[in-house]
1. Consider region 133-151. How many of its residues are charged (D, E, K, R) and either surrounded by 20 or more Cβ atoms within 10 Å (Cβ to Cβ) or closer than 26 Å to GLY211 by Cβ (or both)?
2. Which ones in region 10-53 are of a type in the set (A, V, I, L, M), touching a residue at least 60 places away in the same chain (Cβ under 8 Å) and not in a loop (DSSP other than H, G, I, E, B)?
3. Could you check region 128-170 and list, in sequence order, the residues that are among the aliphatic types (A, V, I, L, M) and closer than 15 Å to VAL78 by Cα?
4. So, in region 222-241, exactly how many residues are touching a Lys or Arg at 6+ places or on another chain (Cβ under 8 Å) and either modelled with pLDDT under 95 or in a loop (DSSP other than H, G, I, E, B) (or both)?
5. Say we look at region 1-30 and pick out the residues that are small (Gly, Ala, Ser) and either at pLDDT below 95 or out of contact with any Leu (no Cβ under 7 Å at 6 or more places or on another chain) (or both); which of these is nearest to PRO58 (Cα to Cα)?
6. Among (1) closer than 24 Å to THR100 by Cβ; (2) touching a residue at least 40 places away in the same chain (Cβ under 8 Å), where does GLY211 come up short?
7. In the set VAL78, VAL82, which member is assigned to a strand (DSSP E or B) and either in contact (Cβ under 8 Å) with a residue 60 or more places away in the chain or in contact with a helix residue (DSSP H, G or I) (Cβ under 9 Å, 6 or more places away or on another chain) (or both)?
Amino acid sequence: MNNVTIKTAQEAELMRESGRLLAQVFAMLDDYIQPGITTMDINNVVERFITDELKARPASKGQYGYEYSLNTSINEVVCHGVPSERKKLASKDIINVDITLEKNGFIADSSTTYVMPDATPIAKALVKTTYEAMWEGIKVVKPGARLGDVGHAIQQHAEKQGYSVVREYCGHGIGREMHEDPQVLHYGLPNTGLVLQEGMTFTIEPMINAGTEKTKTKKDGWTVITRDKKLSAQFEHTVLVTADGYEVLTLRAHEQQG
């Protein structure tokens with residue numbers, strides 16, 4: 001944790017620009033994602049939009065040997081779902097789309113879980129609670145708060161609704177590198193963990209499961225699923241610690257800070 005990079009005002013402004021561009025990618029996807037398209041269709045339209053329209057780089061492509069520009073995680077897939085020409089969205093699916101974008105040397109990272117028109121009430125409730133849990137964590141962020149406070153707020157909200165919080169995957173510092181210190185757990189105890197300082201940038205990205213928090217990785221080495229095959233949802237934003245609180249760098253036009 002001693003390697004946490006405090007961003008200067010200039011670096012924070014560059015990260016703000018990367019986040020603003022990434023929010024535009026999701027605004028484009030809001031009208032694009034629907035039943036019948038493949039997860040590879042989503043990958044391809046996002047890659048073209050980032051490179052051709054935004055003159056930026058999809059930072060996930062080539063990272064750790066990964067071939068694609070994003071992750072598409074459907075239903076029981078917790079994270080790291082791999083785009084496929086064969087996998088079409090069905091009318092009852094939920095799908096998390098996780099995208100990173102690099103511009104001017106700085107990376108933003110964000111994800112949204114999209115709900116298809118015929119998704120069950122159980123699926124819709126999980127997605128709603130996951131989104132709320134992310135914001136419960138974000139709203140804790142300010143100088144002097146601690147990472148345990150963030151994790152605790154998320155865990156309390158999710159577990160109160162009868163859901164579980166994935167333990168094996170977490171948020172992370174971000175900037176010139178996609179994964180920097182610190183690790184940001186989505187569970188924890190108040191008044192524990194790293195003390196937050198102005199200029200820190202990190203992701204808050206809870207993965208919330210309808211059943212057990214236990215996961216397993218499929219044979220492709222990437223795709224993580226719930227061990228009990230029940231649904232999982234996720235939302236993610238990149239957050240900057242400001243002098244008196246937080247700024248969500250990947251905020252969408254339809255969202256309010258907190």
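1. Qualifying residue count for the region: 2.
2. The answer is ALA12, LEU14, MET15, LEU21, LEU22, ALA23, VAL25, ALA27, LEU29.
3. Those that are among the aliphatic types (A, V, I, L, M) and closer than 15 Å to VAL78 by Cα: VAL165, VAL166.
4. Matching residues across region 222-241 total 2.
5. ALA27
6. GLY211 satisfies every listed condition except (1).
7. VAL78
Residue-wise test of (1) within 27 Å of GLU17 (Cα to Cα); (2) surrounded by fewer than 23 Cβ atoms within 10 Å (Cβ to Cβ); (3) touching a helix residue (DSSP H, G or I) at 6+ places or on another chain (Cβ under 9 Å).
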{"site": "TYR169", "(1), (2), (3)": "yes, yes, no"}
{"site": "GLU177", "(1), (2), (3)": "yes, yes, no"}
{"site": "ASP181", "(1), (2), (3)": "yes, yes, no"}
{"site": "HIS186", "(1), (2), (3)": "yes, no, yes"}
{"site": "GLN197", "(1), (2), (3)": "yes, yes, no"}
{"site": "PHE202", "(1), (2), (3)": "yes, no, yes"}
{"site": "PRO206", "(1), (2), (3)": "yes, no, yes"}
{"site": "ASN209", "(1), (2), (3)": "no, no, yes"}
{"site": "LYS214", "(1), (2), (3)": "no, yes, no"}
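The values are calculated or read from the model by the stated rules, or taken from the named source; none is laboratory data. Values in this document were obtained by computation on a predicted structure and should not be read as measured data. Glycine also receives a Cβ, built like all others from the backbone with ideal geometry; neighbour counts cover every protein chain displayed.
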